Amino acid sequence: MSGPSDLAVETHGLTKVFSGRPAVDGIELSVPVGSTYGFLGPNGSGKTTTIRMLLGLLSPTAGSWRLLGREMPGAAMSTLPEVGALVEGPAFYPWMTGRENLERFDSMGPGRPSRSRRARIDDALARVGLTAAAGKKYKAYSLGMRQRLGLASALLVPRRLLVLDEPTNGMDPQGTREIRNLVRELATGGTTVFLSSHLLSEVEQVCSHVGVMHRGKLLAQQSLSDLLASAAPRLRAEVDQPEEAAQVLSGLGLDDVLVAGRQVSGGLAGVPPELCCRALVEAGIGVRMLVPEQVSLEDAFVALTGEGFDVAG
Amino acid sequence: MWLVEARTVFSRARVRALLVVLVAVPVFLAFAVYLAGGPHNGQGPTFLDRASHNGVFTALAGLVVTMPFFIPLSIAVMAGDAVAGEASMGTLRYLLIRPAGRARLLAAKGAVLALFCMVAALVVVMAGLLAGVVLFPHGPVVTLSGTTIPFLDGVGRSLLASLVVGASMFGLGAMGLFVSTLTDVPIAAMAVTIGLVIVSGILDGVSQVAFLHPWLFTNYWTSFTDLVRDPMHWGLVWKDLLLQLGYVAVFGAAAWARMVTRDVQA
């Protein structure tokens, strides 16, 4: 167990009920300091509601939470300046330029020296690649540029925690890659990143930890490697006698053994692949290929939720 | 924070357009009277018959004409938009995460709204004075009591009247601000606020509910005309300001209670 000071985000029984229906149902988040935490779930699974509660925009129906080790919402005014956030897309004043928008947000709260404002804004704009468009009105920005400005606003000061809700929404592949690199860079610098996403590949590429939301419940929460290891891996082999091979593998204890042409596959269920290989050869079966299949985060997700990655009803 | 808020609000094209309309009304009025001749004594809106006698009355006639509709309309637009506008744009969540502080943000909104009330009334009088001085005589001013006061005295009184008119809008502003905290749809907040002006105006005209009249926020709106008497009559003006203060206290508290507890979904 890690102590409270080791957790950047910690919730206990956090619950939000909207008109009788729980949108978030007693979740227990533990986000280690320094981790990049992928908060996964289909649209409508309660991710954004959770984030809104963490940031004090919604008051929970039940439960408590701490950010950076401090009890919320009591410590909001002293804690939130250390938290950068992008929630449900960027939002700025359309009649103002990108720079003017950042100036406004920077000066609308405590703890931001106005002397360094210009330099900090320049720096943040440069980090998200928006320097050239800083003087354009926000209403002329494309969706990707708006997203970048939102990120710039979260990066105006060094943060201990970044909460990013679907940060690559509306971005082209190039922009997505840039954001991914930016997240990695921030994480390397010691910032805890809480990244919500419905894009499994995005999370798989940058995150060290994963929490899986499904219908308002947190189904699993562990390091990415543990989660992938826990999902049952499969064995796939190409042989000259598939039917016989299937019998051998079933005899070894593999489940869900399938035959398709010359291919045989089955859930390993704890049986080492080496053992399968030896058993097949000893049974006189010609093995052309045999691989333990890499489990993807998507397989793990389906295994956890028992269904695909669709919008929750 | 208040300064930043004021700069954001007044940099908006919509807000400037509202002020342009408020400038245009007395200027238009002055030209109309100049070209067509004013109504005969005692006819038309108060002061309009005197608008061509003296520039000061052009300004006061401007106030009388804009007071029942144009000024309250612009206040309703500003107040309705104050919180609901931020909510609909989504900027409210970022201000709260910043953290601007819910009560502090509301206070900044209220302060800038009060500033707008004063500016709205002031631009009407300034535009009226300017147009009046250019088009009409600007000598000593004959007061409503029949006495004569120096021109500069008259200018001072019309500026004072604009301050009173501005402050008379505080009650409406506070109600609009409260309504604005209730919804994420600014246009709805504006419409409800304008509705309040209309309802209050109607009730004010129904003698069967005369017992309500002293409590209606529109009831003393024309009290500023008493400042053009000699000596100035302050009785109704004080009543008006006191009533506005009451409205600000009640609806300001309601807006605060709503603001610090609301779930921000937008």
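Can you confirm whether B:Ser207 is hydroxyl-bearing (Ser, Thr, Tyr) and modelled with pLDDT of 95 or more?
Criteria not met by B:Ser207.
Return a yes/no flag: does the stretch A:47-61 have any residue that is open to solvent by 30 Å² or more (accessible area, probe 1.4 Å) and closer than 23 Å to A:Ala187 by Cβ.
Yes: one or more hits.
If B:Val124 passes every condition in (1) among the aliphatic types (A, V, I, L, M); (2) open to solvent by 10 Å² or more (accessible area, probe 1.4 Å); (3) more than 30 Å from B:Arg258 (Cα to Cα); (4) not in a loop (DSSP other than H, G, I, E, B) but one, which one does it miss?
Among (1) among the aliphatic types (A, V, I, L, M); (2) open to solvent by 10 Å² or more (accessible area, probe 1.4 Å); (3) more than 30 Å from B:Arg258 (Cα to Cα); (4) not in a loop (DSSP other than H, G, I, E, B), the lone unmet condition for B:Val124 is (2).
Pick from the stretch A:94-113 the residues that are more than 10 Å from every other protein chain (Cβ to nearest Cβ) and out of contact with any Gly (no Cβ under 7 Å at 6 or more places or on another chain): which of them is nearest to A:Ala76 (Cα to Cα)?
A:Pro113
Taking the stretch B:219-232, which residues are over 19 Å from B:Ala59 (Cα atoms) and touching a helix residue (DSSP H, G or I) at 6+ places or on another chain (Cβ under 9 Å)?
B:Asn219, B:Tyr220 - these are the residues of the stretch B:219-232 that are over 19 Å from B:Ala59 (Cα atoms) and touching a helix residue (DSSP H, G or I) at 6+ places or on another chain (Cβ under 9 Å).
Look at the stretch A:61-93 and say how many of its residues are within 11 Å of chain B (Cβ to nearest Cβ) and touching a Pro at 6+ places or on another chain (Cβ under 7 Å).
The total comes to 5.
Give, as residue ranges, the helices (runs of 4 or more DSSP H) completely inside the stretch B:148-236 that count at least 3 residues that are closer than 30 Å to B:Ala266 by Cβ.
Here the list reads B:170-182, B:186-205.
How many of the residues making up the stretch A:209-224 are open to solvent by 50 Å² or more (accessible area, probe 1.4 Å) and either without any contact (Cβ under 8 Å) to a residue 12 or more places away in the chain or hydroxyl-bearing (Ser, Thr, Tyr) (or both)?
Number satisfying all stated conditions: 0.
Hey, B:Val56 hits all of (1) buried (at least 20 other Cβ atoms within 10 Å of the Cβ); (2) out of contact with any His (no Cβ under 9 Å at 6 or more places or on another chain); (3) at pLDDT below 95 but one; which does it fall short on?
Failed condition: (2).
Which helices (runs of 4 or more DSSP H) does the stretch A:201-313 wholly contain that include 2 or more residues that are over 35 Å from the mean Cα position of the chain (by Cα) and either farther than 30 Å from A:Thr61 by Cβ or of a type in the set (S, T, N, Q) (or both)?
Once the helices (runs of 4 or more DSSP H) in the stretch A:201-313 are filtered for at least 2 residues that are over 35 Å from the mean Cα position of the chain (by Cα) and either farther than 30 Å from A:Thr61 by Cβ or of a type in the set (S, T, N, Q) (or both), what remains is A:242-252, A:273-282.
Does the stretch B:66-73 contain at least one residue that is touching a Pro at 6+ places or on another chain (Cβ under 8 Å) and open to solvent by 10 Å² or more (accessible area, probe 1.4 Å)?
No, the conditions are met nowhere in the stretch B:66-73.
If we scan the stretch B:92-105, do we find a residue that is in contact (Cβ under 8 Å) with a residue 24 or more places away in the chain and more than 21 Å from B:Thr8 (Cβ to Cβ)?
For the stretch B:92-105, residues in contact (Cβ under 8 Å) with a residue 24 or more places away in the chain and more than 21 Å from B:Thr8 (Cβ to Cβ): absent.
Taking the stretch A:45-60, which residues are more than 7 Å from chain B (Cβ to nearest Cβ) and among the aliphatic types (A, V, I, L, M)?
A:Ile51, A:Met53, A:Leu54 - these are the residues of the stretch A:45-60 that are more than 7 Å from chain B (Cβ to nearest Cβ) and among the aliphatic types (A, V, I, L, M).
Yes/no matrix, rows are residues, columns are (1) of a type outside the set (D, E, K, R); (2) within 13 Å of chain A (Cβ to nearest Cβ); (3) touching a helix residue (DSSP H, G or I) at 6+ places or on another chain (Cβ under 7 Å); (4) within 19 Å of A:Pro81 (Cβ to Cβ):
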{"residue": "B:Gly90", "(1), (2), (3), (4)": "yes, yes, no, no"}
{"residue": "B:Tyr94", "(1), (2), (3), (4)": "yes, yes, yes, yes"}
{"residue": "B:Arg102", "(1), (2), (3), (4)": "no, yes, yes, yes"}
{"residue": "B:Cys117", "(1), (2), (3), (4)": "yes, no, yes, no"}
{"residue": "B:Met126", "(1), (2), (3), (4)": "yes, no, no, no"}
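Between B:Ala61, B:Ala79, which is touching a residue at least 40 places away in the same chain (Cβ under 8 Å), in contact with an Asp or Glu (Cβ under 9 Å, 6 or more places away or on another chain) and either crowded, with 21+ Cβ neighbours inside 10 Å or more than 30 Å from A:Val157 (Cβ to Cβ) (or both)?
Just one listed residue meets the conditions, B:Ala61.
The values are calculated or read from the model by the stated rules, or taken from the named source; none is laboratory data. Every value quoted in this text rests on a predicted model; they were computed, and no experiment measured them. Using ideal geometry, Cβ is built from the backbone for each residue, glycine included, and neighbour counts are taken over all protein chains shown. Each accessible area value is taken on the protein alone, full model and side chains, heavy atoms only, with ligands, DNA and RNA left out. Shrake-Rupley method; radii C 1.70, N 1.55, O 1.52, S 1.80 Å.
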